[in-house]
Amino acid sequence: MSPESRGRRHPARRRPGDRPGGRHLSAVPAPGQPGGYEQAAGCWFDEPAPGDRLSWAIPLAHGTYNGVDLGSLDTGEEDDRALLFEAWHPQFAGAFEGGGDVVVDGESVNPRLHVAMHQVVANQLLAEDPPETWQTVRRLAGLGYDWHTIMHMIASLVIEDIRWALQEHRQPDPAVYIGRLNGLPGDWPPPGPAR
């Protein structure tokens, strides 16, 4: 995840009263698709509840994605979680089947790897391993960062560990990782105004 992509925001906004709950999350619509994410993909996600680790790991989903009722998925299953994170990213529509990289905002992105990084962060939160991941989420949310940006911040640390392991044959050090979690937001742009 490059510093250029760090400024992208996936804003939270209120949904019409005909949908369950109060606040919902939406992602940026796929290029060339008018309207909002919900119109393009037929699904939307509840905004995480403060203090609820599960809702931060995997926001509650509504609607359908690729013909699947997202509410029927078992968030305890890896494949179901992968489908939820795919649904969150309409800008990758059609790219999951192709297997290649896509260009988003001028940056080459591997959709499968991107979804896998969301899963890694979700798994850290679900397992509370390390517990500092959840502490970091709560701290960053308190600073005003939204769910998707926080997921990307933490995923960027995981990606760095993977690069170091592959390129430098360096074993990940849990103490160093925790120190880097504590260093977030680092050079990430400040959060935008709440919507």
**Q.** Subset of region 140-195 [under 17 Å from the mean Cα position of the chain (by Cα), in a loop (DSSP other than H, G, I, E, B) and among the aliphatic types (A, V, I, L, M)]
**A.** LEU184
Q. So LEU184 fits all but one of (1) at pLDDT below 95; (2) closer than 18 Å to ASP129 by Cβ; (3) touching a helix residue (DSSP H, G or I) at 6+ places or on another chain (Cβ under 7 Å); what number is the exception?
A. (1)
Q.
Anything in region 70-101 that is among the hydroxyl-bearing types (Ser, Thr, Tyr) and surrounded by 10 or more Cβ atoms within 10 Å (Cβ to Cβ)? List them, or say none.
A. THR75
Q. Quick one: how many residues across region 38-69 are assigned to a helix (DSSP H, G or I), modelled with pLDDT of 90 or more and surrounded by 21 or more Cβ atoms within 10 Å (Cβ to Cβ)?
A. 2
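Results for (1) closer than 20 Å to GLN91 by Cβ; (2) buried (at least 17 other Cβ atoms within 10 Å of the Cβ), shown as yes or no for each residue.
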site: LEU113; (1), (2): yes, no
site: HIS118; (1), (2): yes, yes
site: GLN124; (1), (2): no, yes
site: ALA141; (1), (2): no, yes
site: ALA165; (1), (2): no, no
site: TYR177; (1), (2): no, yes
site: PRO185; (1), (2): no, yes
site: PRO189; (1), (2): yes, no
site: PRO193; (1), (2): no, no
Q) What's the number of the condition VAL115 fails, among (1) under 25 Å from LEU54 (Cβ atoms); (2) outside any loop (DSSP other than H, G, I, E, B); (3) without any contact (Cβ under 8 Å) to a residue 60 or more places away in the chain; (4) more than 12 Å from the chain's Cα centre (by Cα)? A) (4)
Q. So HIS152 fits all but one of (1) crowded, with 19+ Cβ neighbours inside 10 Å; (2) touching a strand residue (DSSP E or B) at 6+ places or on another chain (Cβ under 6 Å); what number is the exception?
A. (2)
**Q.** Output for region 112-128, where each listed residue is modelled with pLDDT of 95 or more and of a type in the set (Val, Ile, Thr)
**A.** VAL120, VAL121
(Q) So in region 88-110, with the set limited to residues that are touching a helix residue (DSSP H, G or I) at 6+ places or on another chain (Cβ under 6 Å), among the hydrophobic types (A, V, I, L, M, F, W, C) and within 29 Å of ALA127 (Cα to Cα), which one is modelled with the highest pLDDT? (A) PHE92
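The values are calculated or read from the model by the stated rules, or taken from the named source; none is laboratory data. What you see is a predicted model, and the numbers here were worked out from it, not measured in a lab. Glycine gets a Cβ as well: all are built from the backbone with ideal geometry, and neighbour counts include every protein chain shown.
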